[in-house]
1. Taking the Cα centre of region 181-283 as the origin and placing charges on Cβ (Lys, Arg +1; Asp, Glu -1), which of 214, 233, 258 is farthest toward the positive end of the dipole?
2. Kirkwood-based Rg over Rh for region 181-283 (C-alpha set), two decimals?
3. Size of the dipole of region 705-793 about the Cα centre, Lys and Arg at +1 and Asp and Glu at -1 on the beta carbon, nothing else charged, in debye to 20?
4. So what are the three principal axis dimensions of region 175-237 from its Cα atoms, in whole Å, longest to shortest?
5. Positive end of the dipole of region 22-177, charges at C-beta (+1 Lys, Arg; -1 Asp, Glu), about the Cα centre: which of 141, 38, 54 has its Cα farthest in that direction?
6. Can you give the accessible area of residue 56, probe radius 1.4 Å, in Å² rounded to 10?
7. Just the number please: accessible area per residue for region 181-283, 1.4 Å probe, all protein chains included, in Å².
8. Given a 1.4 angstrom probe, I'd like the percentage of the accessible area of region 181-283 that is carbon and sulfur, rounded to a whole number.
Amino acid sequence: MSRTSTEESELFNGPQKVSATEECIGPMRLTQEPIQVLLVFAKEDGQSDAFWWACDRAGFRCNIARTPESAIECFLDKSHEIVVIDGRHSRYFVAEAVCRLIRATKRSEHTVILAVVPQTPSGQEEPSVLPLLCAGFSRRYVENSSISACYNELLQIEHGEVRCQFKLRACNSVFTALDHCQEAVEITSEDHVIQYVNPAFECMMGYHKGELIGKELTELPKSDKNRADLLDTINTCIKKGKEWQGIYYARRKSGDSIQQHVKITPVIGQGGKIRHFVYIKRPHSDNNKQVHKINKDGEHSQSESHSLRHRDRRKESVDTRSISSRGSDAPSLQNRRYSSVARIHSMTIEAPITKVINIINAAQESSPVSVAEALDRVLEILRTTELYSPQLASKEDDPHTNDLVGGLMSDGLRRLSGNEYVFSKSTFPNLSQSQLAIPVTLNDIPPAIAEMLDDEDQWEFNILELEAATSKRPLTYLGLKIFARFGVCEFLSCSEATLRCWLQVIEANYHASNSYHNSTHAADVLHATAYFLRKEKVKGSLDQLDEVAALIAATVHDVDHPGRTNSFLCNAGSELAILYNDTAVLESHHAALAFQLTVRDSKSNIFKNIDRTQFRTLRQAIIDMVLATEMTRHFEHVNKFANSINKPMAAIEESSSNSEGSDSEGPASIRNSPENRLLIKRMMIKCADVANPCRPLELCIEWAGRISEEYFAQTDEEKRQGLPVVMPVFDRNTCSIPKSQISFIDYFITDMFDAWDAFASLPGLMEHLSENYKYWKGLDDMKCKSLRPAPPP
């Protein structure tokens, strides 16, 4: 790399790529500008050039300083995250002295400083790094003018020290917020040594923080107004990792007691152990001791004041048997929907945020209008943010549930070097256009297939018969029929020829070799989605763009699925897992590939005639629905739907039934808001994707066999490859299929379909679900591990 000669003090400006990255600290999302690097080299040589080009490859901004003075000047101007100082030659400047000058500035607190040192001659002992560390260097780099070596060094620094320092800087904003918080906040170590108190705490308790920090809580005076066993009760609770809330008397510095409402939250840190406790305190008013609720008779019932308000959450005692309460006499279809509505108000998948919403709802009952309106705004904010994931615990007594949760709701267990699983083209077969059968029009469909498709609007439609009749190409035929029924071609301004070509391209990219995740599954999900779209409340909540997006999303939602779970791909180090950073790997791939296949050829591009704005809206809706099928956010989606749609609508309908002349537009306004339409579409495709337990029994049994076979094949391959076995119970020699179905229904299906039934009114599906559950339960009671009972001898 050649440059024109410069004065010693001149600075060279290097790569100026401006893409920003994002980091998260818990729920806090941070945006980091491109990393800035300062190279301090007196002379241009191969080493400085290598770092220059390494910065270019990494997308970092780079400056070069030739003298200590220009280095300090540049650093004070740019506040670089990384400084590289040439320590190979002392005749120009002393690297340790330059480092000390930079460290003397306040801005260097979060800077990583790298010393470039000469290679140690062969036979000589490696010099100690301690003098460099004492001078302020963060690490050293042994001279190596390879661009790749410099690039690797910079990447390690970025992903290590720089990101850590970035997060530490961001913590300043958190402490600023705490310092201005009106509630008293106290943070202690796991040994209850006080590490932080905010000004509100100092004001409440009368202490200065210097008198508290470093002391154990046991050293502070206690009030004698608390009951004798209260402290033991609190400690027992929080040592188990549970949050405690209640009333507590504290003694101020002046000696008088103050009644406080206290919330203590254990904070899990390194090693999965409790590392800190956060105490949030506010003065307790007598008005808060009683919570009044209005019963249906209009009377007020007073709940008793309780100091200990922690309750076991769903999946802490994860005995989810809501469906098992259904007796042998199935409830009538007429009452099915109402029982689903009732269960919404006692859902066992209650997340902490759900409890918050219930408390606020109760508080609104006895609040002034202005306060109630403010709480409405609070509820609106809570319902539109990512706050609905429940706290899940292990279920040691049910390995089937454990394995399902581990296999479907995680992105891999651990990385194993040397066992990378890279998909080859043969693993992902793609049929070219020339291999496809000649497209048929809707009018040219063979009579036998056309007759089958006449029943596609019925829930009992047999997709497996269509699979056999179409030689495993049900998606194209069913897609032509359903898309025509919903006017998709008219909406997209595309011809039927373009649509059928697109359907064939998509179907060709499903793997017929998969026992479950093939084009028949896609057709089944498409059928369920279309069925749901015809339900009155669903249809009244969505516009045509939503309908078209839902049908397309259902069609493509598992395209190119390899028949393996996300956990498998992450553990195997697959190319897809690396590409998508082990996050929603398959779902991201399905969505991306669907659009790649669509726009690749004008003959199959169904979007080619719509305008850019409409395409972007449609594309975003399709992507969002495909990503919603990823199971790690299953409970979040279900909780959001129940709390933002089911419960408000039930409250309005109940209010309407008790008063005349009520506003009938209330439920519609809830359903039709943009946020809630999004929740409806997510819930719809999620239910369509796993609707097998709600199909007629014979279809349910067939699908259960297919998914079990796919899991068996994955377990077999994990053992062959030496990979972690994600779902050990799915061993073809020992697995109980009925138990796996019972666990799946209990844990994932029941609550979700109760919520969906309460909205869309699906008595037939719920009846099938109840009957199928009893079938699997009967097999399990007989100790039968197969799909069907053994024939009589």
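1. 233
2. Result: Rg/Rh = 0.94.
3. Roughly 440 debye, rounded to the nearest 20.
4. Projected onto the principal axes, the Cα atoms of region 175-237 cover 36, 24, 21 Å.
5. Among 141, 38, 54, the one farthest towards the positive end of the dipole of region 22-177 is 38.
6. Surface open to solvent at residue 56 totals about 50 Å².
7. Numbers: 5510 Å² over 103 residues.
The answer is 54 Å² per residue.
8. Numbers: 2800 of 5510 Å².
Roughly 51 percent, rounded to a whole number.
The values are calculated or read from the model by the stated rules, or taken from the named source; none is laboratory data. Just so you know, these numbers come straight off a predicted model, no measurement behind them. Here Cβ is always computed from backbone atoms with ideal geometry, including for glycine, and neighbour counts include all displayed protein chains. Accessible surface areas use protein heavy atoms only, side chains included; no ligands, DNA or RNA. Shrake-Rupley method; radii C 1.70, N 1.55, O 1.52, S 1.80 Å.
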